[in-house]
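Here is the structure we will look at.
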Amino acid sequence: MQGISDINIKGVDETRPPVIRKEPYIDIFFELSHQAPLDWCKDLNNLFALNHPTSNATINEKEGLFIKTWVRTPGEISTLLEQLKDEITQCTNKYIERIQLKSQNSSCDTSATSASREQVNLNNIIASLVFD
């Protein structure tokens, strides 16, 4: 089973290869190695919005498998790919950090709850002791 840290661009979508058209841009659909979670896709789209306002790089959040973008010339493709790979790595790292933080917070909450239950139990035992 593949995890979130295994997500990377594995190639161009074979069903939608880049084609030079008369318009001054080339649509590109990069395919991910496997489907990404919805929250990760939202994070990636936010990152793309910050870094690629002109190329409109996006990932369909529900599908989570293809990054749609465009370039003006074929020579821009390799540079764009490297940028996207870096952003995927950034997004994955932040996503993992957020999950770990949530996990730590929930374990702290659980231990605090169990500690307070233990404290209540201890207080009841101490209160019931008879020192005659």
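The values are calculated or read from the model by the stated rules, or taken from the named source; none is laboratory data. This one's a predicted model, so the numbers in the text were calculated from it and none came from an experiment. Methodologically, a virtual Cβ is constructed for each residue, glycine included, from the backbone with ideal geometry; neighbour enumeration extends over all protein chains shown. SASA here: full protein model, heavy atoms, side chains in, ligands and nucleic acids out. Shrake-Rupley method; radii C 1.70, N 1.55, O 1.52, S 1.80 Å.
Per-residue ellipticity at 222 nm computed for the chain from its helices equals -18000 deg cm²/dmol, with DSSP H segments shorter than 4 residues left out and the rest contributing -39,500 (n - 2.57).
Sort 42-48, 9-15 by packing, meaning the average of other beta carbons within 10 Å per residue, with the highest value first.
Details: 42-48: 18.4, 9-15: 11.9.
Order by mean packing, descending: 42-48, 9-15.
Compared with the dominant principal axis of the Cα atoms in the chain, helix 38-51 is inclined by about 50°.
Label positions at V12 and T89, each projected 7 Å from the Cα along the C-beta direction, are separated by 2.4 nm.
Report the extension gain between N121 and Q104 in nm, rounded to one decimal, defined as 0.36 nm multiplied by the number of residues separating them, less their alpha carbon distance.
On the way: separation 17, 0.36 × 17 = 6.12 nm, distance 2.55 nm.
Answer, rounded to one decimal: 3.6 nm.
Annotation: V19 carries an accessible surface of approximately 80 Å², with a 1.4 Å probe and no ligand, DNA or RNA atoms counted.
Residue separation of S5 and R72 scaled by 0.36 nm, minus their Cα-Cα distance, works out to 21.0 nm of gained length.
Only lysines eight or more places from K68 in sequence, or on another chain, were considered; those with a Cα closer than 22 Å are K10, K22, K42, K85, K94.
Treat every Asp and Glu Cβ in the chain as -1 and every Lys and Arg Cβ as +1, leave all other atoms uncharged, and give the resulting dipole magnitude about the Cα centre to the nearest 20 debye. Show your work: numbers first, answer last.
Values: 13 positive and 18 negative charges, 69 e Å.
Using Cβ point charges on Lys, Arg, Asp and Glu, the chain gives about 320 debye.
Rounded to the nearest whole angstrom, the semi-axes of the ellipsoid equivalent to segment 1-71, taken from the Cα gyration tensor as √(5λ), stand at 22, 15, 8, largest first.
Among the GluC sites (Glu not before Pro) in segment 52-104, those located in a DSSP loop and surrounded by at most 16 other Cβ atoms within 10 Å of their own Cβ are E61, E63.
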